[in-house]
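Engineer: Supplied in structure tokens, the structure appears directly below.
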Amino acid sequence: MASVLIALGGNVGDVRATFTKAIANICGMTQAALVARSSDYMTAPWGDEQQEPFINACIEIETPLDPHALLFTLHKIEKKFGRDRANERRWGPRTLDLDIIAYDDVRLDKPELTLPHPRLFERAFVLVPLGEIAPDRPIAGQTPRQALASLSADGIERLPDLQ
Ligand SMILES: Nc1ncnc2c1ncn2[C@@H]1O[C@H](COP(=O)(O)OP(=O)(O)OP(=O)(O)O)[C@@H](O)[C@H]1O
Ligand SMILES: Nc1nc2c(c(=O)[nH]1)N=C(CO)CN2
């Protein structure tokens, strides 16, 4: 079993409901156990600022799938929840984005799969939820707690738990 951190994001539709269903699909379709789930956060759009705020969260799972099989399955789940890659712009609006942040201590440097995620340390919208569930896990030589110390968390607001 591998310990995997996954970041969830989206800004189209009822994103929090999508997250709940997507996490159930991730566990079912990757034979995974859910180890931890962060709160949901409302976050100012990063990269392309001309769009609605995002909702972001992170989960930790344990899965027997290898990294490529896991990515393939995550893409299927994104599609199932309305993601339309053919008609979207880079860093633009989307129903669901599922990124693999870290897969055990595996390092990969391929365009289709880079591990750990190459833009993790630029993204407070990932590091803040990650800091809730894995503050002291070393990822490429840095922990989320250390990375957050040098990054502004402005525009990131924790949402109350859904009842
Ligand atoms: N660690 C990773 N997790 C998810 N996708 C990855 C990873 N490394 C590389 N990729 C590749 O990145 C491609 C683009 O992913 P995606 O559409 O989620 O990008 P994006 O959300 O627009 O931007 P970013 O890659 O900066 O998050 C995917 O097709 C995937 O193959
Ligand atoms: N705050 C925030 N900004 C983003 C996000 C996201 O999940 N959260 N995802 C994007 C798509 O790559 C682009 N910008």
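Engineer: GluC sites (Glu not before Pro) within the stretch 19-80: which are DSSP loop residues with at most 13 other Cβ atoms inside 10 Å?
Structural biologist: Details: sites: Glu49, Glu60, Glu62, Glu78; in loops: Glu49.
Of the GluC sites (Glu not before Pro), the ones in loops of the stretch 19-80 whose Cβ has at most 13 other Cβ atoms within 10 Å are Glu49.
Engineer: Lys79: which aspartates and glutamates have alpha carbons under 13 Å from its alpha carbon, excluding same-chain residues fewer than 8 sequence positions away?
Structural biologist: Those aspartates and glutamates meeting the cut-off are Glu88, Asp97.
Engineer: Where q = 0.09, 0.16 Å⁻¹, what log10 of I(q)/I(0) comes from the Debye formula for the chain, counting one point per Cα?
Structural biologist: -0.26, -0.90
Engineer: Using just the helices of the chain, give the 222 nm mean residue ellipticity in deg cm²/dmol: DSSP H runs with n ≥ 4 each add -39,500 (n - 2.57), and the total is spread over all residues, rounded to 500.
Structural biologist: Working: 4 runs with 45 residues, N = 163.
Helix-only estimate at 222 nm: -8500 deg cm²/dmol.
Engineer: Let me have the relative contact order for the stretch 94-143, percent, based on Cα pairs under 8 Å that are six or more residues apart.
Structural biologist: Details: 32 pairs, mean separation 13.3, N = 50.
Over the stretch 94-143, the number comes to 27 percent.
Engineer: Using alpha-carbon pairs under 8 Å, 6+ residues apart, how would you state the relative contact order of the stretch 2-158 in percent? The partial results should precede the final answer.
Structural biologist: Numbers: 286 pairs, mean separation 48.0, N = 157.
Once normalised by length, the contact order is 31 percent.
Engineer: While we're on this one: Which of the GluC sites (Glu not before Pro) found in the stretch 110-141 are loop residues per DSSP with 12 or fewer other Cβ atoms within 10 Å of their Cβ?
Structural biologist: Values: sites: Glu112, Glu122, Glu132; in loops: Glu112.
Listed in order of number, the matching sites are Glu112.
Engineer: Taking the number of other C-beta atoms within 10 Å as the exposure measure, put Arg137, Arg158, Arg90 in order starting with the fewest.
Structural biologist: Arg90, Arg158, Arg137
Engineer: Please list, by residue number, every one of the chymotrypsin sites (Phe, Trp or Tyr not before Pro) in the stretch 1-105 that is coil in DSSP and has at most 16 other beta-carbon atoms within 10 Å. Intermediate values should be presented prior to the final figure.
Structural biologist: On the way: sites: Phe19, Tyr41, Trp46, Phe54, Phe72, Phe81, Trp91, Tyr103; in loops: Trp46, Phe81, Trp91.
Here the chymotrypsin sites (Phe, Trp or Tyr not before Pro) that fit, given the DSSP loop and packing criteria, are Trp91.
Laboratory data are not the source of any read-out in this text; all were calculated from the coordinates shown. Here the structure is a predicted model, which is why all the values come from computation and not from measurement. Don't worry about glycine lacking a Cβ; one is built from the backbone with ideal geometry, like all the others, and counts go over all protein chains shown.
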